[in-house]
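The block underneath contains the structure these notes are about, expressed in structure tokens.
Computed from the coordinates by the stated procedures, all read-outs in this text should not be read as laboratory data. This structure is a prediction, so every number in the text was calculated from the model and none was measured. We place every Cβ from the backbone using ideal geometry, glycine too, and count neighbours over all the protein chains shown.
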Amino acid sequence: MVGWAIALHGGAGDIPIDLPDERRIPRETALRHCLDLGVSALKSGEPPLDVAELVVRELENHPDFNAGKGSVLTTQGTVEMEASIMEGKTKRCGAVSGLTTVVNPISLARLVMEKTPHIYLAFDAAEAFARAHGVETVDSSHFITPENIARLKQAKEFNRVQLDYTAPTPPKELENCGDSQIGTVGCVAVDSAGNLASATSTGGYVNKMVGRIGDTPVIGAGTYANHLCAVSATGKGEEIIRGTVARDVAALMEYKGLSLTEAAAYVVDQSVPRGSCGLVAVSARGEVTMPFNTTGMFRACATEDGYSEMAIWPNN
Amino acid sequence: MGGWAIAVHGGAGIDPNLPAERQEEAKQLLTRCLNLGIVALRSNVSAIDVVELVIRELETDPLFNSGRGSALTEKGTVEMEASIMDGTKRRCGAVSGITTVKNPISLARLVMDKSPHSYLAFSGAEDFARKQGVEIVDNDYFVTDDNVGMLKLAKEANSILFDYRIPPMGCAGAAATDSPIQMNGLPISIYAPETVGCVVVDGEGRCAAGTSTGGLMNKMMGRIGDSPLIGAGTYASELCGVSCTGEGEAIIRATLARDVSAVMEYKGLNLQEAVDYVIKHRLDEGFAGLIAVSNKGEVVCGFNSNGMFRGCATEDGFMEVAIWE
């Protein structure tokens with residue numbers, strides 16, 4: 001008897017163990033809240049696609065994660081959000097990039113999937129598409145938080161792109177803002193009939209070049225789902241693209257017969273450098289796995305047999 | 001086996017009624033591009049450099065749907081995208097929404113080599129291009145009369161078709177000789193086979209791949225297809241280099257280029273088996289084609305579409321240019 005399962009993440013990166021309570025507790029509360037929302041929805045028989053979307057919407061609305069409100073800023077101090085969604089059984093998918101006013105990028109990605117013959121729309125045209133469909137938009141300033149203005153300033157001072165991971169010993173001055181390594185948000189879900197879905201959303205990298213696209217909207221990199229599993233990845237986008245991370249978890253299951261846990265562990269160990277990536281994944285059989293090779297990953301999961309977990313750092 | 005190998009393509013999904021002289025022009029261009037690549041390979045130019053120089057030639061020639069000669073957006077403008085990948089360390093670069101850069105493949109290469117990122121798009125990519133000093137032209141440069149005519153036909157076809165699987169009736173330009181074959185929702189007589197590509201393995205066994213396109217005729221502005229997506233339209237690893245063309249959405253869903261390498265890596269298939277496998281099993285109802293080389297000097301083309309403009313050559317003297325099965 002297989003049951004439903006759900007996993008979600010709020011980003012993988014160099015999250016310091018001594019993260020202050022005032023930065024840690026709101027995120028833990030949010031992860032639990034989103035998990036509860038997702039679990040209720042699955043228990044009421046909502047399709048995994050709807051569940052993944054609603055959980056990611058909730059994470060986008062929360063200002064402490066790097067997606068929607070709370071997105072990190074480009075080098076020009078603006079917000080450029082991207083997202084993608086994929087349904088396992090049909091492999092239908094949708095993606096968007098370069099959004100500046102759309103309140104919930106993941107829902108726009110879903111609209112692209114359902115209302116156009118295309119998969120991926122970006123920048124001005126994606127914004128125009130949103131308006132044409134009456135999708136909720138707000139002034140760009142809505143997404144910008146004081147923490148992210150500070151992060152951008154810091155990144156510029158150090159004159160480098162602030163990645164989702166840093167060197168093992170970050171300079172003292174960065175320690176206060178260590179939780180800035182908050183790559184992305186995502187959710188994967190499966191129901192007892194084996195319907196699978198994955199959804200991922202992000203603001204990208206602090207101080208990224210305007211127009212930079214990461215792994216999140218690239219099907220096969222940040223998001224993937226087929227009849228075997230659903231995967232959402234987070235971390236250093238450029239490495240996740242090169243490693244075709246989300247697709248590779250499924251490919252290892254399909255082509256090498258690995259289990260979900262083995263496939264996910266393999267990808268995180270072998271396909272990407274240390275300190276660059278984490279992912280959440282569920283299988284058609286109701287299994288769940290959340291491996292990462294970074295210091296930490298904000299994550300939570302639950303399965304129908306009663307198991308649930310919420311954590312930031314490794315479990316040992 | 002071993003030695004260098006190269007393949008080029010000019011798109012998949014071709015009108016079976018394509019006039020003989022257009023077929024001849026296409027073959028000549030493919031031959032010329034192959035020869036450019038061969039000369040470079042014989043002078044020990046690396047795979048990634050050969051891929052770039054061959055695709056530049058394909059972009060510059062107005063015949064195929066990339067660079068000059070790109071298919072037009074619904075507004076009659078050109079919006080190009082491209083990606084390139086170096087198999088040795090799996091480095092990659094991609095661009096989308098390019099409107100004034102003469103050679104998008106070279107901009108993709110610059111993203112790979114000169115930026116901290118892998119993928120830049122729209123105004124950000126255009127700004128980067130100017131900072132890098134690449135050749136900039138007006139958008140008009142890319143627009144050809146042929147494509148202005150095709151766009152008009154495509155718009156007429158779309159206004160008649162509600163369900164794109166239904167063949168057009170009484171569509172202007174869709175003469176009695178038109179077959180009911182469709183690609184990406186358009187009758188094949190007015191579909192512009194998307195994309196050009198090149199894959200190379202050099203004398204050192206290094207593989208590289210690149211793809212460039214104007215995209216789908218009459219596309220929505222801002223629509224991104226498979227060509228700039230690493231793993232979909234383009235992929236290269238230590239084992240192989242792959243470039244795909246055809247229905248973009250089908251290629252993305254299938255992660256077609258990545259899957260060729262994945263079945264070699266994870267199932268131990270050889271290049272021919274891998275290409276056959278993905279074309280047969282990964283496209284569902286979609287139509288597409290691809291060219292691929294392996295680090296052993298093999299070259300394979302595969303497609304389930306109605307034809308693919310292609311050419312390939314290997315160091316031992318084999319050379320072939322073809323359009324149909």
> In nanometres, what is the gap between the two model label sites at A:HIS227 and A:HIS33, each 7 Å from Cα along Cα-to-Cβ?
Replying inline: 4.0
>> Can you compute 3J(HN,Hα) from phi for each residue in the range A:89-101, using the Karplus curve 6.51 cos²θ - 1.76 cosθ + 1.60 with θ = phi - 60°, rounded to whole Hz and x for Gly and Pro?
In response: 4, 9, 6, 5, 8, x, 8, 9, 9, x, 7, 10, 10
>> Please list 3J(HN,Hα) in residue order for the range A:185-192, calculated via the Karplus relation 6.51 cos²θ - 1.76 cosθ + 1.60 where θ = phi - 60°; whole Hz, with x for glycine and proline.
In response: 10, x, 8, 10, 8, 9, 9, 6
> Any idea what the alpha-carbon Rg over 2.2 N^0.38 Å comes to for chain B?
Replying inline: 0.92
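A:ASP18 to B:ILE136: FRET efficiency via 1/(1 + (r/R0)^6), r the Cβ-Cβ distance, R0 41 Å, to the nearest 0.05?
0.25
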>> Below 8 Å between Cα atoms, with a sequence gap of 6+, how large is the relative contact order for chain A in percent?
In response: 27
> Given just the C-alpha atoms of the protein assembly as shown, how large is their convex hull per residue in cubic angstrom?
Replying inline: 140
>> Using the Kirkwood radius over C-alpha pairs as Rh, can you work out the diffusion coefficient of the range B:1-112 via Stokes-Einstein at 20 °C, viscosity 1.002 mPa s, in µm² per second?
In response: 140
>> Relative contact order of chain B, please, whole-number percent, based on alpha carbon pairs below 8 angstrom and at least 6 residues apart.
In response: 27
> For peptide B:110-122, how many partner chain Cβ atoms fall within 10 Å of a residue's Cβ, on average?
Replying inline: 6
> Other chains' Cβ within 10 Å of B:247-253 residues: what's the mean?
Replying inline: 5
>> Using Cβ contacts closer than 10 Å as the measure, can you line up B:HIS117, A:HIS9 from fewest to most?
In response: B:HIS117, A:HIS9
> With θ set to phi - 60° and the Karplus curve 6.51 cos²θ - 1.76 cosθ + 1.60, what are the ³J(HN,Hα) couplings of the range A:65-77 in order, to the nearest whole Hz, using x for Gly and Pro?
Replying inline: 10, 7, 6, x, 5, x, 4, 5, 9, 6, 4, 9, x
>> Return the Rg/Rh ratio of the range B:217-304 with Cα-based radii and a Kirkwood Rh.
In response: 0.98
>> Ignoring solvent entirely, what values of log10 I(q)/I(0) come out of the Debye formula for the range B:88-159 at 0.14, 0.18, 0.25 Å⁻¹ when each Cα is a single scatterer?
In response: -0.53, -0.72, -1.01
> How many times 2.2 N^0.38 Å is the alpha carbon radius of gyration of chain A?
Replying inline: 0.89
> So, in Å, what gap is there between the alpha-carbon centers of the range B:286-325 and the range A:1-31?
Replying inline: 48
>> Let me check against my output: what whole-number percent is the relative contact order of the range A:1-83, with C-alpha pairs under 8 Å and at least 6 apart?
In response: 23
> Across the residues of A:52-65, average count of Cβ atoms on other protein chains within 10 Å?
Replying inline: 0
> So how do A:233-239, B:310-316 stack up, highest first, on mean other-Cβ count within 10 Å?
Replying inline: A:233-239, B:310-316
